[in-house]
Every structure is written in structure tokens, then in C-alpha cells.
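Trainee: So that we are looking at the same thing, I have put the structure below in C-alpha cells.
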Amino acid sequence: MVSKPDLGAVLEHYGVRVVARHGWVPCRCVIHDDSHASAAYNLDNQIYNCLVCSLIGDVFDLVKKKEGLDFVSAKRKAEEFANGNSAQILQRANGTGSLLPPTARNNPRGGKYVPSWKRGRA
């Protein structure tokens, strides 16, 4: 299975305040000028959905549409964005930063943030 960049890290790059919790979280769309929350993301499934743009997809689809790139270029760009932001998200989710409390994910591993690619491993 190919590892994808974390959607939360890419959304942080685009200025979305990512809340690490289960299910769909409403947000303003990063693609069009949005005055209210018409989009949502799901960190469990790593999916982004905007009702106005009619975009539903993964991190690569989001970067493709936002940056106007082909798949290969969008993949490289998403990896660049995620590498710069994933450490900050993990810090906040683990309670060492100021944005997320330590129990934000409400999961069996003591409330610590577990990236999607590491879930299910002991």
C-alpha cells in the first residue's frame, strides 16, 4: 500500500485550522472564496469534500484542483506541504502545543494522535 501525505497537514498549509477528531469536520473551502463552512474533511478516512466546488477526494485531488496541476506534480506538492506541517499537527495533537487537548482523538491509545498510516499497528 502506498503511503499518502496526511490530509490534515496539507489543509494546515492552506490555512485551515485542523481539529483532530473523528468524523466529518466542517471548514471553509480552500479552493474558492468561502465566507462560511461549505466544505468538510474527515481525517479518519483522509477525505475532503466541498459542496460548492463539487470536489470529493483525497489529498491528491485537493492539491490537483487547488494548484491546477496534474497528478504527478500534485503528488510531489502534497508531500512537500505535508512534510512542513505534520510535525506541528502531531505536537498539538499530543498536547505539547496549544491547539488540541491531549484527548482530542478519543482513541484507545490514551488520546494521543495516531496518523492514519499508523493506525491498527501495535
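The values are calculated or read from the model by the stated rules, or taken from the named source; none is laboratory data. Computed from a predicted model, the values in this text were never measured in an experiment. Because the Cβ atoms are built from the backbone with ideal geometry, glycine has one as well, and the counts that use them run over all protein chains shown. Note: accessible area is taken over every heavy atom of the protein model, side chains too, but ligands, DNA and RNA are not part of it. Shrake-Rupley method; radii C 1.70, N 1.55, O 1.52, S 1.80 Å.
Trainee: Just how much of Glu67 is accessible, in Å², when a 1.4 Å probe is used and the result is rounded to the nearest 10?
Mentor: Accessible area, nearest 10 Å²: 80 Å².
Trainee: Ordered by packing density, taken as the mean number of other Cβ atoms within 10 Å over each peptide's residues, highest first, how do 35-48, 8-21 rank?
Mentor: So the peptides 35-48, 8-21, ranked by packing, come out 8-21, 35-48.
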